[in-house]
Amino acid sequence: MPRKPSPSPIELNRALLRPGMRVAVAVSGGADSVALLRALIEAAPEIGLVLSVAHLHHGIRAADADADADFVAALAAEHGLAFHRKDVDAPAAARANRETLEEAARNLRYGWFDELLASGLVDAVATAHTLDDQAETVLHKLLRGAWTEGLSGIHPVLTRPRGTVIRPFLGVRRVEIEAWLSRIGQSWREDLTNADTVYTRNRLRHELLPALAAYNPRIYGHLADLATLAREEEAYWQGELVRILPQLLLPGRPVRGGGRSASTGENEKSIAIEIERLPASPAMRRRILRAAARQLGTKLNFEQTGRLLAMCGPSPTRRQTLTATLRAERSPRELRFVKTFGLERDAEGVE
């Protein structure tokens, strides 16, 4: 028998959904993902969605994680939905790849999403990132010294090689989600590690953001608005870079008699920029300099980029060592980046 619509369905970003879309809903068992599944189930007949449920067992939290997986499998069965499950060992991956446990779990999760998308079974994976998650992410990036692209936070749509990851709940507060689940009598699983303040994100969630909310109760929305502004600003600047960079970047070094030599030395690669062709705007210059370094596989931080800006000025230093494998050299006409390969990994700047 069809279920009656739940009272006051929670808001979904329907612009991310289209008729006939096959969506695997990533469900951990927590309130956010359970609510996303229930909201999409209610919207599916009207929009024309084909839903399934995806659950990744990270190999953490032992019996509690087993119970989470059983709960999600039962929820999928209750609503007659296909259930995709994969078991991984996040602690082992963290050790093998020298990652934090959080990084390893995220990489495994998105790797599995790519597998689902590549299988041809689904067109998109929906994750239950909320406005709270957005605020936490932007604040975390801000504390780490992020550039504009970092402050863009969690994007509503993430393009993957064989499909997309969508976040239909990105404009919804977590408190709204839990209130809605309570109204419709839907249970969820609590992950006790979410209260463990050994993790930076949990300290932001339980300590710093509530403290900031005491100064301004709208801080969550303001941080989410900042992400939107940063995302749109960065999209504009990236479009400008695509247009300008091909006219500015030169391979290798100039040779006597004209032309350029792409070979700069054994195990080296270089890119140069003619100083007089750089735009006057410091904002554009920063982006060009960082993009040039990125083409050689290096991310620059603010201090490194500042040194490069000074090298483009009227009284430049002739040479700067930026990282273990990247240096900059200034001639009367050019600023040249030289990347040495086969050495230790770059000490990269914060994104």
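Please state which one of T159, T148 is among the polar types (S, T, N, Q) and closer than 28 Å to L209 by Cβ. If you could, list the steps in order and put the result at the bottom.
On the way: T159 fails: closer than 28 Å to L209 by Cβ.
From the options T159, T148, the qualifying one is T148.
Let's see how each residue does on (1) in contact with a helix residue (DSSP H, G or I) (Cβ under 6 Å, 6 or more places away or on another chain); (2) surrounded by 14 or more Cβ atoms within 10 Å (Cβ to Cβ); (3) in the same structural domain as E115 (by TED's automatic domain parsing); (4) free of Cβ contacts under 8 Å to residues at least 60 places away in the same chain:
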{"residue": "I166", "(1), (2), (3), (4)": "yes, yes, yes, no"}
{"residue": "F169", "(1), (2), (3), (4)": "yes, yes, yes, no"}
{"residue": "R173", "(1), (2), (3), (4)": "yes, yes, yes, yes"}
{"residue": "E190", "(1), (2), (3), (4)": "no, no, yes, no"}
{"residue": "T200", "(1), (2), (3), (4)": "no, yes, yes, no"}
{"residue": "R203", "(1), (2), (3), (4)": "no, yes, yes, yes"}
{"residue": "Y215", "(1), (2), (3), (4)": "no, no, yes, yes"}
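Only residues that are over 10 Å from G163 (Cα atoms), modelled with pLDDT of 95 or more and of a type in the set (A, V, I, L, M, F, W, C): list them for the stretch 113-141, please.
A126, A128, L131, A135, V138, L139
Where in the stretch 1-98 are there helices (runs of 4 or more DSSP H), lying wholly inside it, with at least 1 residues that are touching a Pro at 6+ places or on another chain (Cβ under 9 Å) and of a type in the set (V, I, T)?
Working: elements: 31-47, 62-78, 90-97.
In the stretch 1-98, 31-47 are the helices (runs of 4 or more DSSP H) which contain 1 or more residues that are touching a Pro at 6+ places or on another chain (Cβ under 9 Å) and of a type in the set (V, I, T).
What number of residues within the stretch 317-338 satisfy the criterion of being in a loop (DSSP other than H, G, I, E, B) and either closer than 14 Å to L249 by Cα or in contact with a helix residue (DSSP H, G or I) (Cβ under 7 Å, 6 or more places away or on another chain) (or both)?
As a first pass, look at the stretch 317-338 and keep what is in a loop (DSSP other than H, G, I, E, B): 317-318, 322-325, 331-333.
Next, from what is left, pick out any that are either closer than 14 Å to L249 by Cα or in contact with a helix residue (DSSP H, G or I) (Cβ under 7 Å, 6 or more places away or on another chain) (or both): 317, 322, 333.
Qualifying residue count, the stretch 317-338: 3.
Considering only residues of the stretch 298-316 that are modelled with pLDDT of 90 or more and either assigned to a loop (DSSP other than H, G, I, E, B) or acidic (D, E) (or both), which is surrounded by the fewest Cβ atoms within 10 Å (Cβ to Cβ)?
To start, the set of residues in the stretch 298-316 that are modelled with pLDDT of 90 or more comprises 298-312.
Within this subset, residues satisfying the condition of being either assigned to a loop (DSSP other than H, G, I, E, B) or acidic (D, E) (or both) are 298-301, 303, 312.
Working: T298: 21, K299: 16, L300: 26, N301: 17, E303: 10, C312: 17.
Selected residue: E303.
Give just the number: which of (1) of a type outside the set (D, E); (2) assigned to a helix (DSSP H, G or I); (3) in contact (Cβ under 8 Å) with a residue 12 or more places away in the chain; (4) loosely packed, with under 15 Cβ neighbours inside 10 Å does L139 not satisfy?
(4)
Based on this model, can you work out whether A283 counts as outside the structural domain of K141 (by TED's automatic domain parsing), in contact with a Phe, Trp or Tyr (Cβ under 6 Å, 6 or more places away or on another chain) and at pLDDT 90 or above? Talk me through it step by step, then tell me what you get.
Details: outside the structural domain of K141 (by TED's automatic domain parsing): yes; in contact with a Phe, Trp or Tyr (Cβ under 6 Å, 6 or more places away or on another chain): no; at pLDDT 90 or above: yes.
So A283 does not fit the description; no.
Test of understanding: among L158, L181, which residue is without any contact (Cβ under 8 Å) to a residue 24 or more places away in the chain, outside any loop (DSSP other than H, G, I, E, B), surrounded by 13 or more Cβ atoms within 10 Å (Cβ to Cβ) and not charged (D, E, K, R)? Walk me through how you get there before you give the answer.
Working: L181 fails: without any contact (Cβ under 8 Å) to a residue 24 or more places away in the chain.
Step by step, each of L158, L181 is checked, and only L158 is without any contact (Cβ under 8 Å) to a residue 24 or more places away in the chain, outside any loop (DSSP other than H, G, I, E, B), surrounded by 13 or more Cβ atoms within 10 Å (Cβ to Cβ) and not charged (D, E, K, R).
Can you tell me which residue is nearest to S119 (Cα to Cα) among those in the stretch 52-69 that are surrounded by 13 or more Cβ atoms within 10 Å (Cβ to Cβ) and acidic (D, E)?
D68
Is there any pair linking a residue in the stretch 316-331 that is assigned by TED's automatic domain parsing to the domain that holds G297 to one that is in a strand (DSSP E or B) and among the polar types (S, T, N, Q), with Cβ under 7 Å and at least six apart or on different chains, and which?
The qualifying pairs are T325/T340; R327/Q320; R327/T321; A328/Q320.
Return only the number of the condition from (1) part of a loop (DSSP other than H, G, I, E, B); (2) surrounded by fewer than 19 Cβ atoms within 10 Å (Cβ to Cβ) that T228 does not satisfy.
Only one criterion in (1) part of a loop (DSSP other than H, G, I, E, B); (2) surrounded by fewer than 19 Cβ atoms within 10 Å (Cβ to Cβ) is unmet by T228, namely (1).
I'm trying to understand the selection: among the residues of the stretch 250-273, which are surrounded by 15 or more Cβ atoms within 10 Å (Cβ to Cβ) and either farther than 22 Å from T317 by Cα or at pLDDT 90 or above (or both)?
Of all residues in the stretch 250-273, those surrounded by 15 or more Cβ atoms within 10 Å (Cβ to Cβ) come to 250, 252-254, 264, 268-273.
Once the filter is applied, which keeps residues that are surrounded by 15 or more Cβ atoms within 10 Å (Cβ to Cβ) and either farther than 22 Å from T317 by Cα or at pLDDT 90 or above (or both), the stretch 250-273 yields I271, A272, I273.
If you scan the stretch 86-109, which residues turn out to be closer than 21 Å to G30 by Cβ and surrounded by fewer than 15 Cβ atoms within 10 Å (Cβ to Cβ)?
Result: D87, P91, T100, E102, E103, R106.
The values are calculated or read from the model by the stated rules, or taken from the named source; none is laboratory data. Keep in mind the model is a prediction, meaning the values are calculated, not measured. Heads up, the Cβs are rebuilt from the backbone with ideal geometry, glycines too, and the neighbour counts pull from every protein chain shown.
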